[in-house]
Amino acid sequence: MRVALITSEPGHPLLSRTTALLAADHPVDVLDPRTPPPVPEPLADVYLLKARTPHALALARDLERRGARVINSAAATALCQDRTAMAALALDAGLPFAATGTFTTLAELASGPTLSGPAVVKSRHSRRHDVVARVDNASHLRDLAAAHPDEPVVVQDFAPNDGWDHKLWAVGDRLFAGLRRSELSPEGRGATRTLPLDDLPSGWPALVRRVGEVFSLDVYGVDVIDLGHGAPLIVDVNAFPGIRDQPGAPEALAALISRKGST
């Protein structure tokens, strides 16, 4: 079995440790996500799509058209980058996802009716250094729009919570969990704390698995906040997140690759 990583960061801890586990029995190549398609034959048996740039998605789509197995698929990865499409799919499936409105630009949002209460404004297209901000009043919104007038955005009502994001990850049939301060926390995010699965509220592991089914993902993250008494609200879904410092994650990924490559 040949494995290829579509990534610009092959030294990422999860990828490097997974590569070390596989390398004794399976060659593992690195494919720069800027590589223009088509990739020369012979194709690898499994490709890991650990990049989300337009070039990487185009590369993955070309590989899929030629019969290659890509984890996660280009379509599933692209969907998780569009927060409007993400919310629509989640809500249609009955998942407890934050109700989401979409605006063509931040300037359009700021020029419209006053928000009814505290809101969370996010870039519509998820990427590094995108916009994620809590907006409490019209003045704050105008300042945000002045800094990013042409940014397409989504808006969600701010849901009162304890200020912690539950970072829940799935690698095949294995689940992992952590706690991290919200992006909206004035104290900053800080490090992620590993959270035993037994400490999760009842039903949350099943919820994570349901997200994977709905979004057709094999390796993914789900950000959940606790609205009180274990009531979950999903605020984000990520295709192939970093899953750093989670004991057993490289082994789970190596097992998933071996299983996918043999079917």
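The values are calculated or read from the model by the stated rules, or taken from the named source; none is laboratory data. As the structure is a computational prediction, the values presented were derived from the model and not from experiment. Methodologically, a virtual Cβ is constructed for each residue, glycine included, from the backbone with ideal geometry; neighbour enumeration extends over all protein chains shown. Side chains included, ligands, DNA and RNA excluded: accessible areas come from the protein's heavy atoms. Shrake-Rupley method; radii C 1.70, N 1.55, O 1.52, S 1.80 Å.
Observations on the model:
For every residue, the table says whether it meets (1) at pLDDT 95 or above; (2) farther than 18 Å from A252 by Cα.
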position	(1), (2)
L144	yes, yes
P149	yes, yes
V154	yes, yes
W164	no, yes
L179	no, yes
T192	no, yes
P196	no, no
D199	no, yes
R209	yes, no
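- Residue match in region 244-258 (condition: out of contact with any helix residue (DSSP H, G or I) (no Cβ under 6 Å at 6 or more places or on another chain) and within 28 Å of D92 (Cα to Cα)): no
- Taking the numbered list (1) among the acidic types (D, E); (2) modelled with pLDDT under 95; (3) part of a loop (DSSP other than H, G, I, E, B); (4) closer than 28 Å to K50 by Cα in turn, E187 passes all entries but (4).
- Tabulated pairs, region 139-150, first free of Cβ contacts under 8 Å to residues at least 40 places away in the same chain, second outside any helix (DSSP H, G or I), C-beta under 6 angstrom, 6+ apart or interchain: L141/V135; L144/A133
- Enumeration of residues in region 173-222 that are more than 19 Å from A159 (Cα to Cα), more than 17 Å from the chain's Cα centre (by Cα) and of a type in the set (S, T, Y): T194, S202
- Sub-8 Å Cβ pairs linking a first residue in region 87-108 that is closer than 24 Å to R210 by Cβ and open to solvent by 60 Å² or more (accessible area, probe 1.4 Å) to a second residue that is among the aromatic types (F, W, Y) and in a strand (DSSP E or B), at least 6 apart or interchain, are L91/F97, ordered by first then second residue.
- Qualifying residues in region 229-246 (those that are in a loop (DSSP other than H, G, I, E, B) and in contact (Cβ under 8 Å) with a residue 40 or more places away in the chain) - the one surrounded by the most Cβ atoms within 10 Å (Cβ to Cβ): F240
- The residues on offer are S8, S16, and the sole one that is in a helix (DSSP H, G or I) and more than 18 Å from K260 (Cβ to Cβ) is S16.
- Some residue of region 151-164 being of a type in the set (A, V, I, L, M, F, W, C), closer than 28 Å to V211 by Cα and open to solvent by 50 Å² or more (accessible area, probe 1.4 Å): yes
- Test: A133 is of a type in the set (G, A, S) and under 18 Å from L184 (Cα atoms): yes
- Among residues of region 22-70 being of a type in the set (G, A, S) and loosely packed, with under 13 Cβ neighbours inside 10 Å, the one that is nearest to A254 (Cα to Cα) is A23.
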